[in-house]
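Notes to accompany the following structure.
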Amino acid sequence: MKSSFIICACLLAALTQNSHAVEQSTPLNETKSTQPENVAQQQGKLDTLSQVANAPKKLVVNKVKSDDSQVLGSESTKPVQQPNSKVDKAKAVSQAEQAVTQAKESLTARQQAKAKQSRESLAVVEQLVNAYNARNIEEFIRMYDEDVEFYIFPNELLFKGKEKLIARYGIMFKKLKCLHSSPIKRIVHGDIVIDHELSETCSTDENIIDKRSELISSYQIKDGKVVRVLFFR
């Protein structure tokens with residue numbers, strides 16, 4: 001009786017161990033079988049993302065809405081009315097020619113006024129230079145306005161008024177034996193004369209030039225007088 005019980009117990013234990021072994025082996029097999037499937041799925045997702053990234057993007061153009069605010073007005077452009085007859089056509093041509101003639105005359109008048117002003121300004125500067133070369137202080141001073149201003153570029157006031165002008169140039173005219181200024185290049189525009197000049201002076205002998213320099217001066221003329229002088233250094 002005992003031997004039969006022992007045999008049955010051994011068989012039951014053996015069956016229990018086999019079933020437990022089967023249960024432990026099943027998840028491992030399932031894991032091994034599912035790993036290739038997971039790798040394939042991940043690779044498929046990566047391929048899909050790569051295709052989306054490399055796909056050419058379509059340019060989206062927003063349609064511009066027409067301006068209906070009427071800020072600039074709501075009137076439409078009106079076509080030019082065409083002459084109905086030969087008489088109307090001839091009249092339109094005559095009016096156009098008259099307008100062109102008036103415009104030319106107006107421009108010519110301004111140009112003539114500017115040219116006249118330029119000639120007057122040039123005459124003043126030429127008289128000024130002649131008086132300077134002759135060391136004629138009276139004639140030299142006469143070409144300047146009472147409140148003439150002398151500047152050093154760009155806006156440094158050197159002195160103002162005829163009194164200081166006489167004191168400055170009167171001494172120089174008496175001290176030097178010769179003075180001579182000649183324009184290298186001159187620009188005249190209305191009331192402005194710009195001289196690029198060569199200046200020569202003699203300190204001891206009027207036949208020996210001991211100083212020579214180039215200067216640039218700007219003269220502004222009003223009513224036949226120099227009102228402003230600007231020296232460029």
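The values are calculated or read from the model by the stated rules, or taken from the named source; none is laboratory data. All values derive from a computational prediction rather than experimental measurement. Glycine gets a Cβ as well: all are built from the backbone with ideal geometry, and neighbour counts include every protein chain shown. For the accessible areas, the whole protein counts, side chains as well, though only heavy atoms, and no ligand, DNA or RNA atoms are used. Shrake-Rupley method; radii C 1.70, N 1.55, O 1.52, S 1.80 Å.
Tabulated values for the structure
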{"quantity": "Amide H within-cut-off set for Leu158, under 5 Å, with H built and near neighbours excluded", "calculated": "Phe150, Tyr151, Ile152"}
{"quantity": "Over 18 Å (Cα to Cα) - which of Lys160/Lys225; Lys114/Lys160; Lys185/Lys211; Lys174/Lys225; Lys114/Lys222; Lys116/Lys222 fall in this group", "calculated": "Lys114/Lys160; Lys185/Lys211; Lys174/Lys225"}
{"quantity": "Loop GluC sites (Glu not before Pro), region 75-156, which have at most 15 other Cβ atoms in a 10 Å radius of their Cβ (DSSP)", "calculated": "Glu75"}
{"quantity": "Region 137-233 - Rg and Dmax from Cα coordinates, angstrom", "calculated": "13.9, 40"}
{"quantity": "Amide hydrogen neighbours beyond the local backbone of Ser203, cut-off 5 Å, H modeled", "calculated": "Lys177, Asp210"}
{"quantity": "Area of Val100 that stays accessible when all protein chains are in place (1.4 Å probe, Å², to 10)", "calculated": "80"}
{"quantity": "Debye intensity ratio I(q)/I(0), log10, region 79-192, q values 0.12, 0.17, 0.23 Å⁻¹ (C-alpha model)", "calculated": "-0.63, -0.98, -1.32"}
{"quantity": "Alpha carbon convex hull of region 103-155, projected area averaged over orientations, nm²", "calculated": "5.6"}
{"quantity": "Signed unit charges on C-beta, dipole axis of region 109-215, positive-most listed residue Ile187, Met143, Val125", "calculated": "Ile187"}
{"quantity": "Between region 173-219 and region 111-138, the alpha-carbon center distance in angstrom", "calculated": "15"}
{"quantity": "Nitroxide proxy distance, nm - points 7 Å out along Cα→Cβ at Ile216 and Asp147", "calculated": "2.9"}
